[in-house]
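No lab work stands behind these numbers, since they all come straight from the coordinates. What you are looking at is a predicted structure, and each value in this text was computed from that prediction instead of being measured. Every residue, glycine as well, gets a Cβ built from its backbone with ideal geometry; the counts of neighbours run over all protein chains shown.
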Amino acid sequence: MGTSKKQSKTMKIDIGISHNDRAKIVEGLSKLLADSYTLYLMTHNFHWNVTGPQFNSLHNMFMNQYTEQWNALDIIAERIRALGFPAPGTYKQFVKLTAIKEVEGVPKAQEMVSLLVNAHETVARTARAIFPIVDEVNDQPTADIITQRLEVHEKTAWMLRSLLEE
């Protein structure tokens, strides 16, 4: 009977993008994941805590938004894994990586909307900043994810911004 030796070495990744270029992409995607998670948490928090005359419409809108955001987290994290790196997954890592400031207390409904506009725009800027390296190394799968995220965040920011207009 033979004994099996534990494989301690992982296979080299050879997808046509160098290790260093994949590391640069993952750095950007990690920031995008942190921003996305922070936005998800903010939106869910606002869903739970919104009050006032717009309660029903905002409560439902926020639920639709955080559900979409939750699903996007997996897509971003799995792309990081496909590129051969561990995805950040702790609050400590997310706080260090995110550009979105945590909200203290429970803001009024209109302030919630305004904070979400700013957060969606922040996520859009983070996503857009990844494009130069992605374009340079011909990484279409990451470009596709970023394009989809940009569309969602820019459209959501517009819709939320519309609620603030007189």
message: Considering only residues that are touching a Lys or Arg at 6+ places or on another chain (Cβ under 9 Å) and in a helix (DSSP H, G or I), which ones fall in the stretch 39-54?
response: none
task: Check the stretch 131-146 and report whether any residue there is of a type in the set (A, V, I, L, M), closer than 21 Å to His44 by Cα, surrounded by 16 or more Cβ atoms within 10 Å (Cβ to Cβ) and in contact (Cβ under 8 Å) with a residue 12 or more places away in the chain.
output: no
message: Among the listed residues Ser57, Ser114, identify the single one that is assigned to a helix (DSSP H, G or I), without any contact (Cβ under 8 Å) to a residue 12 or more places away in the chain and over 16 Å from the mean Cα position of the chain (by Cα).
response: Ser57
- prompt: Would you pick out the residues in the stretch 54-96 that are of a type in the set (Gly, Ala, Ser) and under 16 Å from Ala119 (Cβ atoms)?
  reply: Ala72
- request: Give me the pairs, please: first residue somewhere in the stretch 150-166 and in contact (Cβ under 8 Å) with a residue 40 or more places away in the chain, second residue anywhere and charged (D, E, K, R), beta-carbon distance under 7 Å, and either six or more positions apart or on two chains.
  value: Val152/Glu68; Ala157/Glu121
message: When you scan the stretch 79-100, do you find a residue that is touching a Gly at 6+ places or on another chain (Cβ under 9 Å) and within 14 Å of Thr38 (Cα to Cα), even just one?
response: no
task: Tell me, yes or no, whether the stretch 95-108 has at least one residue that is of a type in the set (S, T, N, Q), in contact (Cβ under 8 Å) with a residue 40 or more places away in the chain, farther than 23 Å from His19 by Cα and outside any helix (DSSP H, G or I).
output: yes
